[in-house]
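So the structure is just underneath, and the comments pick up after that.
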Amino acid sequence: MPVLAEGESTTVRIPGDDTLGEPATEAEVTLTGLKQADRLPQGEYLDPETAEPGTTFVCLEFKVENTGGAEFDTAPLTRARWTGEDGETTTADQHIGGDCEGVGLEKEFLLNEAEPRPGEFVRGTTLLVVPDGRPGTLEFADDAERPLFRVETNPAP
């Protein structure tokens, strides 16, 4: 399974489901930004979003270019499973309370963007919460839990 670092791309293929009438889809996914922080600035008049004790924010900025023949669902890129080097694992849920603009990434969440049609692309961020102070790996998977790619995380500076 590919491990993406900032600036790298991979082709993501999601098989269709004939029973549900869902076609197979494909997209070129590029990790255009990756930032970790315990605090996310939220603009001039708002308090920063602060991670709960023992956790940190991971901001991932993606460009998703549809290279297939059907609309591409970006939802699998908005949730992941985090696994630490020691084997501990947890669900890294999308955090909706803040955004990643204050750390220099896109403000708009990928989940809110349109699903790109063939030949189109979207940009957006996924904001996840992971355990703090320990390196680990985020594993993104499709709705059937088939792995798509991984992104490594490190303790926030």
*Could you tell me which numbered condition residue 28 fails, if it satisfies all but one of (1) within 25 Å of residue 136 (Cβ to Cβ); (2) open to solvent by 50 Å² or more (accessible area, probe 1.4 Å); (3) within 15 Å of the chain's Cα centre (by Cα)?*
(1)
_residue 6 being open to solvent by 50 Å² or more (accessible area, probe 1.4 Å) and either in contact with a Phe, Trp or Tyr (Cβ under 6 Å, 6 or more places away or on another chain) or closer than 23 Å to residue 134 by Cβ (or both)_ = yes
*Among the residues of the range 100-128, write down those that are open to solvent by less than 40 Å² (accessible area, probe 1.4 Å), of a type outside the set (S, T, N, Q) and touching an Asp or Glu at 6+ places or on another chain (Cβ under 8 Å).*
100, 105, 109, 116, 122, 124, 127, 128
*Kindly check whether there is at least one residue in the range 10-23 that is open to solvent by less than 50 Å² (accessible area, probe 1.4 Å), assigned to a loop (DSSP other than H, G, I, E, B) and farther than 17 Å from residue 150 by Cβ.*
yes
*If you check 28, 61, which single one turns out to be touching a Leu at 6+ places or on another chain (Cβ under 6 Å), modelled with pLDDT of 95 or more, of a type in the set (Asp, Glu) and not in a loop (DSSP other than H, G, I, E, B)?*
61
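Those residues that are over 11 Å from the mean Cα position of the chain (by Cα) and either closer than 14 Å to residue 78 by Cβ or modelled with pLDDT of 90 or more (or both), I need them from the range 133-144; list them, please.
135, 136, 137, 142, 143
The values are calculated or read from the model by the stated rules, or taken from the named source; none is laboratory data. It should be emphasised that the depicted structure is a prediction, and the values quoted were computed from it without experimental measurement. Virtual Cβ from ideal backbone geometry, glycine too; neighbours counted across all protein chains shown. With ligands, DNA and RNA removed, areas are computed over all heavy atoms of the protein, side chains included. Shrake-Rupley method; radii C 1.70, N 1.55, O 1.52, S 1.80 Å.
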